[in-house]
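Below: the structure, in structure tokens.
The values are calculated or read from the model by the stated rules, or taken from the named source; none is laboratory data. Note that this is a predicted model, so its numbers are computed, not measured. For neighbour counting, all protein chains shown are included, and Cβ atoms are generated from backbone atoms with ideal geometry for every residue, glycine included.
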Amino acid sequence: MTTDATTPNAPGEPQLSAEQLLVGLRTVGEDTRLRLLALLADGELTVKDATTILGQSQPRISRHLKLLTEAGLVQRFPEGAWVFYRLGEGALGGFARMLLDRLDPNDPLLAADRVRLAALRRAKAEAAAAFFASRAATWDQERSLHVPEAAVEEAIRELVGKRPFRTMLDLGTGTGSLLKLFSDQYEQALGLDASHDMLTVARANIAREELRNAQVRQGDIYALTVPAESYDLVTLHQVLHFLDDPGRAIEEAARVLRPAGRLLIVDFAPHALEFLRDDHAHRRLGFSHDQMARWLESAGLDLVEARDLDPGPGDSDRLTVTIWLARDPRIVSDLPELNLTQEVA
């Protein structure tokens with residue numbers, strides 16, 4: 001007799017205790033909470049989002065989300081004055097997804113919720129586009145200073161290779177462009193950024209591209225609140241030149257790499273365009289190969305390759321983009337499953 005792989009008792013899947021199962025069933029056994037779970041299956045939401053979609057009061061929605069969180073079916077992630085909610089991970093998250101898989105997608109109440117969710121996402125996408133447009137002039141000016149972004153992305157993909165990997169962490173994710181670039185290779189990805197406005201843009205892009213295995217969160221690049229040794233690929237794409245202490249950021253990125261995990265850094269080679277300090281808030285005017293090699297060595301990483309993308313002859317006033325790929329030298333071993341959305345102190 002075979003076991004249905006979608007049931008919670010499928011071989012290899014985490015198991016629930018009787019108490020966990022009973023708590024989960026009691027918590028889901030209410031229409032608003034079930035509707036909330038169904039919405040969260042499509043991505044993270046705030047209390048304000050849920051009140052808009054479900055047409056219920058903020059205190060009522062907050063209470064239901066609190067109960068779902070306490071039961072382990074939902075996780076919460078504070079971001080400044082906001083709190084984002086997402087389906088839980090592990091056994092309880094799998095239990096919630098198993099229940100949702102058995103719901104009729106054409107149920108009128110749930111279908112209406114999805115229509116309102118789609119309308120809310122369109123409104124957010126329009127707001128994000130307005131934010132992006134207000135800053136597009138400076139961003140376009142900076143992008144015009146180096147080789148086309150398509151050439152940079154092609155080189156990034158070539159260096160990383162085509163093999164799939166489990167987990168990705170994009171530090172300083174910005175608009176989430178790398179989350180999209182590697183979406184066909186990772187199983188789960190997280191983007192971190194200090195800017196709430198940039199995260200708004202990234203969330204809109206993730207929703208538009210339907211990147212269900214990716215999420216973004218506010219975070220401090222110098223003090224990552226994610227489990228150590230948990231990511232196969234960590235990326236720093238045009239981030240280090242904004243930082244006061246790039247070496248410290250590299251050390252923190254190395255800390256969360258799995259054995260044999262890779263760190264990808266994309267930034268500018270040394271240049272003399274001083275206006276970028278005032279007009280674009282650059283702290284560093286590029287990085288030499290020697291400087292980057294020292295930082296990587298100090299972080300305990302082996303440099304695999306460094307590649308310069310020169311704008312070419314006749315473009316002496318344009319910037320060279322450099323891509324560095326480094327690797328954790330430790331031997332791969334079987335590691336326990338980690339909840340990559342769990343924050344650590």
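For the condition in the same structural domain as Gly286 (by TED's automatic domain parsing) and under 12 Å from the mean Cα position of the chain (by Cα), what is the one hit in Ala249, Ala189, Ala272? Residue meeting the stated conditions: Ala189. When we screen Asp232, Asp170 for residues that are closer than 24 Å to Val256 by Cβ, modelled with pLDDT of 90 or more, within 11 Å of the chain's Cα centre (by Cα) and not basic (Lys, Arg), the only hit is Asp170.
Filtered by the rule that a residue be over 18 Å from Arg121 (Cβ atoms) and either touching a Pro at 6+ places or on another chain (Cβ under 6 Å) or charged (D, E, K, R) (or both), the range 169-202 gives Asp170, Asp184, Gln185, Glu187, Asp193.
Of the residues Phe287, Phe268, which is out of contact with any Phe, Trp or Tyr (no Cβ under 6 Å at 6 or more places or on another chain), in contact (Cβ under 8 Å) with a residue 60 or more places away in the chain and of a type in the set (Phe, Trp, Tyr)?
Criteria check complete, one pass: Phe268.
Within the range 288-319, the residues that satisfy the criterion of being at pLDDT 90 or above and either of a type in the set (A, V, I, L, M, F, W, C) or part of a loop (DSSP other than H, G, I, E, B) (or both) are Ser288, Met292, Ala293, Trp295, Leu296, Ala299, Gly300, Leu301, Leu303, Val304, Ala306, Leu309.
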